[in-house]
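Reviewing the structure listed below.
Values in this text are rule-based calculations from the coordinates and carry no lab data. These numbers come from a predicted model, not from an experiment. Counting neighbours? That spans all protein chains shown, and the Cβs are built from the backbone with ideal geometry, glycine included.
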Amino acid sequence: MPWVFKKSTSMKTELLETIPLSAPETDKKLESKIRAGEDLLLVNRAKEDDSAAYDDLIRRYQERIYATVYHMTSNHEDANDITQETFIKAYRALKSFKGDSSFYTWIYRIAVNRTINFLKTRKNRVHMSLNDVDFNAENDPDLVALVSDKTPRRDLNLAELQEKLNEAMQKLSEDHRMVVTLHDVQGLSHDEIAKIIGCNVGTVRSRLFYARQQLQGTLSDYLK
Amino acid sequence: MNSEQENFEALRKLLALKKYENPPPGYFANLPGQIWKKIKREPAPSFWSQFIGNWGLHPAVAYSFGLLACGVLFFGIVATLKTESTQSIQSAQSIPRAVLTETAPVIPAKLATLDGVGMTLAPYRSPQFASTNPVMSSDPRSSLFSGLKLRTEQVEYSPGR
């Protein structure tokens, strides 16, 4: 297994990274390893009551955690509560974090479990409280094309499309919605999702396929 | 298959709209502060609430704990039943014969002593609840039509001289 070495000026070979790298490793994987290493340093500092380190961890992951919970609940207030609970819970459980998985996977898992528990208690009382669509969406060529050409109602605006999309998402089961959210909205890989949810990659793929089929059926009017 | 993939591609483009749904401006700037406020305000949960709280994070722990609890319950029941049966056997065995003979009612000699066959039966003192053989009840019969009231009682046999 090749190692990455750096020669210092004093001609001493110094280990740059202790992580063994296989030849075809992609930049993305390397990036995630570096990120995991940085997280681990912050976690170790946070374990020693360094609040600034945990603050850094919150700032690193707050947007992703919030987005995951928000897309699952379609409600800003619920997403806000669950995001806060997730970080509080993670802070309290930090001492038990052994580093078997990355902090990223661990915190995602907390968020996912809390969200699913919340959704089970909320069953049949879906109340959407949607965030505003960023004005950048109007410049997204794919979305512009969808709104102007493909929808049956040409005058359909982004806000209406957003509502239809969220309604369709809420019709999915929690497990299917989670996979779609993590993969198609958040852009996580199948492997990462499998680690977060605690199932195998095949299950993730099949859930994703089924969820997409279901969404396709619900949103067929907007996909022609 | 191709059209299906294309349709999924269209769906993915539509789902991309969700990326543009953002919380109110300044939300993420304030969120860490709110989290810290809650951490400082709320007391740390007890060991048990943390332990139960971890069940959501580690379902295996929850299943193991459930299994352990069921196991303890099962062995508890089995142990209790075993102890009860052992105790009843021991208590039955531990009643001294002397006590039994002292406390047991004495069957009248005229019923227990039979001298017709050349042997004498010693007066029998029966233990009240340790009967094995049928003996005739010493209670007087209320009428001719009431049948013989036989009950099983342990008998001590000693051959006569």
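Calculate the FRET efficiency for residue A:59 and residue A:175 from the Cβ-Cβ distance with a Förster distance of 30 Å, rounded to the nearest 0.05. Spell out each step's value before the answer.
On the way: r = 30 Å, r/R0 = 0.99.
Computed FRET efficiency for residue A:59 and residue A:175: 0.50.
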Peptide-level mean, for A:68-75, of C-beta atoms on other protein chains within 10 Å: 1
Among the listed pairs A:95/B:38; A:98/A:195; A:47/A:98; A:33/B:38; A:89/A:120; A:98/B:19, those beyond 23 Å (Cα-Cα): A:33/B:38; A:98/B:19
Karplus-derived HN-Hα couplings along the range A:51-59 (A = 6.51, B = -1.76, C = 1.60, θ = phi - 60°), whole Hz, x at Gly and Pro: 5, 5, 5, 5, 4, 4, 5, 4, 5
For residue B:22, the residues 5 or more places away or on another chain with a placed amide H closer than 5 Å to its own amide H are A:132, A:134
Going by how many other beta carbons lie within 10 Å of each one, how would you line up A:59, A:177, fewest first? A:59, A:177
Collect residues whose amide H, placed 1.01 Å from N in the peptide plane, falls under 5 Å from the amide H of residue A:75; neighbours closer than 5 in sequence don't count. A:129
Under the Karplus relation with 6.51, -1.76 and 1.60 and θ = phi - 60°, whole-Hz ³J(HN,Hα) for the range A:169-181, x at Gly and Pro, equal 5, 5, 7, 6, 5, 4, 5, 6, 5, 4, 5, 4, 4
